[in-house]
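*Asks:* Below are the structure tokens for one structure; questions will follow.
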2 protein chains.
Amino acid sequence: MVMGKLYGVGVGPGDPELMTVKAWRLISTSDVVAYLCANGKDSTARDIALPFLPEAVAEIAIDMPMRVEREPAQKAYDQGAEEIAAQLTRGKNVIMLCEGDPFFYGSFMYIFERLAGTFETIVVPGVTSVTAAAAAIGQPLVSRDEALKVLPATMDEAHLRAELVNCTSAAIIKVGRHFGKVKAILNELKLKATAIENATHDNQIIRELNSIEGDTLPYFTTIIVRAK
Amino acid sequence: MVMGKLYGVGVGPGDPELMTVKAWRLISTSDVVAYLCANGKDSTARDIALPFLPEAVAEIAIDMPMRVEREPAQKAYDQGAEEIAAQLTRGKNVIMLCEGDPFFYGSFMYIFERLAGTFETIVVPGVTSVTAAAAAIGQPLVSRDEALKVLPATMDEAHLRAELVNCTSAAIIKVGRHFGKVKAILNELKLKATAIENATHDNQIIRELNSIEGDTLPYFTTIIVRAK
């Protein structure tokens, strides 16, 4: 029997219309989809793809334990990869739904590293939250011979400060509970910035950095820094 | 009369299926499109959108002089913006076709800065050549708490070297005639890299850095550096 193919498909930043035509085609004709979820049900990637999911599609929900330790997550990836492999071995293609782009800070890499050596694997790139956030605020992200730095807020403070000190354009992602640290560094360096929560989702919020109280923002927040 | 809206629409990296559903919808129902071109005809953005262009669409081709000096280009943008403004004033929407993403090193910013203060302007983000190149070579671009640097090869040599010395993940874009400089720096720093010419286009070529002779590659080349 011919083995199925594994597709890592970027569904874009939030608005379902911001997935690619290729993602739409693959999802709307899929037999089996897979995605990460929390609490056995919440999946941003599935929510984005929902308008295009066939009624009869089989779903592999990979439940990720919400803990900091690495081991429970690795077990969840192991189990998810096994379920996906079983479908591929039966000859079914599996479409793994990934927020944004699969290879841009995507959890798809954990499935990819487990299965790509055995099964044909195709990655379909997607629009990231970074360019979606710049579009949402109507501000060019980067141009000409400027460097762009994408910096996870989870980086340690000294490293994050060092990258921001001499940057031209930067986007800070994965903000969540690291917002306090990020705000302090940006204020110290006198850098202006805009925070975009849930870019292109129905609950998108845009605020200037200095107008935001508190030390926490949603995980899906992008902070666009204009340093020039 | 109601004025038209200006749309800056990312058409993605090359494969027409990698434009978003929103870009496809706007292009396939457009009355007027605009794009940059060279020699009065060559336009990568138009080539990508071609399968979806309506037969009766009006086209504003903004012919860019192929010179290093700034002034002729500024005049071409002035004239292009005037032609677009004339259509918007007549109540027509204008879809400006942009390779990749309009605000990610896009020439759209030159039209945006001339017209966005006067006309309602909407930016539709697109897939960039950077994540498309990573997908093409089947290699995760960046993950966890790593920083990603996007570096134009047009940057001066010292600055480019300084950014590459302590990077985790980097993508070098706009390679063209700067390839010799880039190759020398990467070799000096003992960094492995893959060059992807024309990612996702029909003429895509993938080569390891060390297998490439000569000092020039196409402008639409992305070099993915894995520094870890």
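Values quoted throughout were computed directly from the atomic coordinates according to the rules given, and no laboratory measurement underlies them. Since the structure is predicted, the reported quantities are computational estimates derived from the model, not experimental observations. Positions of Cβ are backbone-derived with ideal geometry, glycine not excepted, and every protein chain shown enters the neighbour counts.
*Asks:* Determine the dipole magnitude for the protein assembly as shown: charges of +1 sit on the beta-carbon of Lys and Arg, -1 on that of Asp and Glu, nothing else is charged, the reference point is the Cα centre, and the result goes in debye to the nearest 20. Let's see the in-between values first.
*Replies:* Values: 46 positive and 56 negative charges, 127 e Å.
For the protein assembly as shown, the charge dipole is close to 600 debye.
*Asks:* Please list, by residue number, every one of the GluC sites (Glu not before Pro) in segment A:143-223 that is coil in DSSP and has at most 11 other beta-carbon atoms within 10 Å. Display every interim value, and only then the final one.
*Replies:* Details: sites: A:GLU146, A:GLU157, A:GLU163, A:GLU188, A:GLU197, A:GLU208, A:GLU213; in loops: A:GLU146, A:GLU213.
Filter output for segment A:143-223: A:GLU213.
*Asks:* Just the number, please: percent antiparallel of the DSSP beta bridges in chain B, rounded to the nearest 5. Intermediate values should be presented prior to the final figure.
*Replies:* Working: 16 of 39 bridges.
Beta bridges within chain B, antiparallel portion: roughly 40 percent.
*Asks:* Given 20 °C and 1.002 mPa s, compute D for chain A with the Stokes-Einstein relation, Rh being the Kirkwood radius over Cα pairs; round to the nearest whole µm²/s.
*Replies:* In µm²/s, the coefficient rounds to 115.
*Asks:* For the charge dipole of chain A, defined by +1 on Lys and Arg C-beta atoms and -1 on Asp and Glu C-beta atoms about the Cα centroid, which residue among A:LEU141, A:THR20, A:GLN74 has the Cα displaced farthest towards the positive pole?
*Replies:* A:LEU141
*Asks:* So if the hydrodynamic radius of segment B:124-165 is defined as the Kirkwood radius over C-alpha pairs, what does Stokes-Einstein give as its diffusion coefficient at 25 °C and 0.890 mPa s, in µm² per second? Don't skip to the end; give the middle numbers.
*Replies:* Values: Rh = 12.3 Å.
My calculation gives 200 µm²/s for D.
*Asks:* Sticking with this one: Under the rule a/c < 1.5 gives rounded, and otherwise a/b versus b/c splits prolate from oblate, where does the protein assembly as shown land using the Cα gyration tensor?
*Replies:* Numbers: a/c = 1.35, a/b = 1.23, b/c = 1.09.
Rounded is the answer for the protein assembly as shown, as its axis ratio a/c remains below 1.5.
*Asks:* With the crude spin-label approximation of a point 7 Å out along Cα→Cβ, what separation in nm comes out for A:SER211 versus B:ALA58?
*Replies:* Placing both labels 7 Å beyond Cα along the Cβ direction yields 3.8 nm.
*Asks:* Let me ask you something else. Build a GNM of chain B with springs between Cα atoms under 10 Å: which of B:VAL165, B:VAL94, B:VAL11 gets the top mean-square fluctuation?
*Replies:* It is B:VAL165.
*Asks:* Further question on the same structure: If the elastic network links every pair of Cα atoms under 10 Å, which of A:ALA162, A:ALA170, A:ALA116 fluctuates the most in the Gaussian network model of chain A?
*Replies:* Maximum among the listed residues: A:ALA162.
*Asks:* Would you grab the residues whose amide H sits under 5 Å from the one on B:ALA34? Only those 5+ places off in sequence or on another chain, please, with H modelled 1.01 Å from N.
*Replies:* Amide H to amide H, under 5 Å and 5 or more residues apart or across chains, B:ALA34 pairs with B:ILE60, B:ILE95, B:MET96, B:LEU97.
*Asks:* Multiply the residue gap between B:ARG226 and B:GLU113 by 0.36 nm, knock off their C-alpha separation, and tell me the result in nm, one decimal place. Show your work: numbers first, answer last.
*Replies:* Details: separation 113, 0.36 × 113 = 40.68 nm, distance 3.57 nm.
Contour length minus Cα-Cα distance gives 37.1 nm.
*Asks:* May I ask for the distance between the Cα centers of segment A:143-171 and segment B:128-189, given as a whole number of Å?
*Replies:* 15
*Asks:* Compute the separation of the alpha-carbon centres of segment A:18-67 and segment A:198-228 and state it in Å as a whole number.
*Replies:* Their Cα centres are 26 Å away from one another.
*Asks:* Loop-only trypsin sites (Lys or Arg not before Pro) in segment B:93-186, please: DSSP not H, G, I, E or B, and at most 15 other Cβ atoms within 10 Å.
*Replies:* B:ARG144
*Asks:* 7 Å from Cα along Cα→Cβ at both A:VAL165 and A:GLN74: what's the point-to-point distance in nm?
*Replies:* 3.5
*Asks:* List the lysines whose Cα sits under 17 Å from the Cα of B:LYS5, skipping any in the same chain fewer than 8 residues away.
*Replies:* B:LYS22, B:LYS92
*Asks:* Nearest 20 debye, what's the magnitude of the dipole of chain A about its Cα centre given +1 on Lys and Arg Cβ and -1 on Asp and Glu Cβ? Walk me through the numbers before you get to the answer.
*Replies:* Values: 23 positive and 28 negative charges, 104 e Å.
Roughly 500 debye, rounded to the nearest 20.
*Asks:* Still on this structure, please answer the following. Arrange B:ARG226, A:ARG70 by Cβ neighbour counts within 10 Å, fewest through most, would you? Please report the intermediate quantities before stating the final value.
*Replies:* Numbers: B:ARG226 16, A:ARG70 8.
Least to most surrounded, the residues fall as A:ARG70, B:ARG226.
*Asks:* Would you list, by chain and number, the lysines whose Cα falls below 24 Å from the Cα of B:LYS192, excluding same-chain residues fewer than 8 positions away?
*Replies:* A:LYS149, B:LYS149, B:LYS174, B:LYS181, B:LYS183, B:LYS228
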